[in-house]
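Colleague: Shown below is the structure under consideration.
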Amino acid sequence: MECKYQLNNGCMRISMPKEVDHHCAEQLRKEADLLIGAYHVRRLIFDFAGTEFMDSSGIGVLIGRCKNMGYSGGEVSAEHLSERIQKIFVVSGLHKMIRVESDAQEEPN
Amino acid sequence: MKNEMQVEFDAKSVNEGFARVTVAAFLTQLDPTLDEIADVKTAVSEAVTNAIIHGYEGGEGKVCVSCRLNGNQAVITVEDEGVGMEDVKKAMEPFYTTKPELERSGMGFAFMEAFMDEMQVESASGIGTKVIMTKKIGAKEEKDRDGCGDSAH
Ligand SMILES: Nc1ncnc2c1ncn2[C@@H]1O[C@H](COP(=O)(O)OP(=O)(O)O)[C@@H](O)[C@H]1O
Ligand SMILES: [Mg+2]
């Protein structure tokens, strides 16, 4: 599983794997929680730029991290969702729990 | 046209990707849209994951996946001989999960329902579970054909 973590000043960006399923969920959860605790992460960003597949096991991981961050007053957001991942967010209702940064092009003034 | 395939594999999480890709590859003969392929992959992944973590509870066992094509309809079954369910109706309620400690979202059945046309679950306690899902493939082609009207032969 290819998953990278970038830390910067209490903010952690997780580059999500190509396929977010039950098979990678456990490792993702463990690594993320370890880093969130060790570096006192206040802001968590899930970056889906490289993700082509996600099922409900992935939803479980996101909700779990959301809850943990919520207890400590942190912020969670998701970025670079493909159309497919966006659909998964909407069907699961995740878009109401996590702020989704839209990729929409900036309107010219 | 009728065509059928069947695969059996160990209940290991590493096989979840194998299962969904295999079904998707078999379906390409119906010329599916990318969306249809993605829908089927998600549904297969849900059913296979359930067989592994709920049916066999992480232990050993075999999962059997089959796909039958009947015209432009695909019928996919995912079967395990695991613990089974006492109350299927309850299990299918959104957000219901018996494994919250594993951070399960309880949305597996809801996903299968959302992404397939039909879904049916047969389960018996101590015997196993069979999930049967159907989806019509090639909606794109139909639209194209309609658009053509009765053009020259
Ligand atoms: N193959 C199966 N064998 C036994 N129990 C199952 C099976 N599939 C689903 N279940 C039961 O149905 C519940 C709901 O399944 P699902 O909607 O996929 O949610 P989740 O997998 O997140 O728990 C599971 O928690 C489990 O109790
Ligand atoms: Mg499930």
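Quick note: the coordinates plus some simple rules give every number you see, no bench work behind them. Keep in mind that this is a model prediction, so the values were computed, not measured. Glycine gets a Cβ as well: all are built from the backbone with ideal geometry, and neighbour counts include every protein chain shown.
Colleague: From the list B:D39, B:D35, which residue is of a type outside the set (K, R) and surrounded by 18 or more Cβ atoms within 10 Å (Cβ to Cβ)?
Modeller: None of the other options fit; the residue is B:D39.
Colleague: Return the residue satisfying two criteria in turn: it lies in the range A:25-64 and is at the interface with chain B (Cβ under 10 Å from one of its Cβ atoms) and more than 16 Å from ligand 1 (Cβ to nearest atom), and of such residues it is surrounded by the most Cβ atoms within 10 Å (Cβ to Cβ).
Modeller: A:F53
Colleague: Oh, and also: Pull up the range A:67-90, narrow it to residues that are surrounded by fewer than 19 Cβ atoms within 10 Å (Cβ to Cβ) and closer than 18 Å to B:R104 by Cβ, then point me to the one that is nearest to ligand 1 (Cβ to nearest atom).
Modeller: It comes out as A:K67.
Colleague: Please list, ordered by residue number, the helices (runs of 4 or more DSSP H) wholly in the range B:28-142 having 3 or more residues that are away from ligand 1 (no atom under 11 Å from the Cβ) and within 29 Å of A:L94 (Cα to Cα).
Modeller: In the range B:28-142, B:34-50 are the helices (runs of 4 or more DSSP H) which contain 3 or more residues that are away from ligand 1 (no atom under 11 Å from the Cβ) and within 29 Å of A:L94 (Cα to Cα).
Colleague: Taking the options B:F115, B:F26, name whichever one is aromatic (F, W, Y), away from chain A (no Cβ under 14 Å) and surrounded by 14 or more Cβ atoms within 10 Å (Cβ to Cβ).
Modeller: Working: B:F115 fails: away from chain A (no Cβ under 14 Å).
After applying the criteria, what remains is B:F26.
Colleague: Let me ask you something else. Just to be sure I understand the filter: pairs with C-beta atoms under 8 Å, separated by 6 or more residues or on different chains, first member in the range B:83-101 and more than 10 Å from chain A (Cβ to nearest Cβ) and on the phi > 0 side of the Ramachandran plot, second member within 8 Å of ligand 1 (Cβ to nearest atom) and part of a helix (DSSP H, G or I). Which pairs pass?
Modeller: B:G84/B:G55
Colleague: Let me ask something else about it. Please go through the range B:1-15 and give me each residue that is touching a helix residue (DSSP H, G or I) at 6+ places or on another chain (Cβ under 8 Å), exposed (fewer than 15 other Cβ atoms within 10 Å of the Cβ) and not polar (S, T, N, Q), ordered by number.
Modeller: B:M5, B:V14
Colleague: For B:G71, are the conditions met, namely being away from ligand 2 (no atom under 16 Å from the Cβ), under 24 Å from B:D10 (Cα atoms) and more than 14 Å from chain A (Cβ to nearest Cβ)?
Modeller: So B:G71 does not fit the description; no.
Colleague: Go through the range B:67-115 and report how many residues are within 18 Å of A:I59 (Cβ to Cβ) and either touching a Leu at 6+ places or on another chain (Cβ under 6 Å) or among the hydrophobic types (A, V, I, L, M, F, W, C) (or both). Explain how you work it out, then say what you get.
Modeller: Let us first name the residues in the range B:67-115 that are within 18 Å of A:I59 (Cβ to Cβ), namely B:91-115.
With the extra rule that they be either touching a Leu at 6+ places or on another chain (Cβ under 6 Å) or among the hydrophobic types (A, V, I, L, M, F, W, C) (or both), the set shrinks to B:91-92, B:95, B:102, B:107, B:109-112, B:114-115.
Final tally of qualifying residues: 11.
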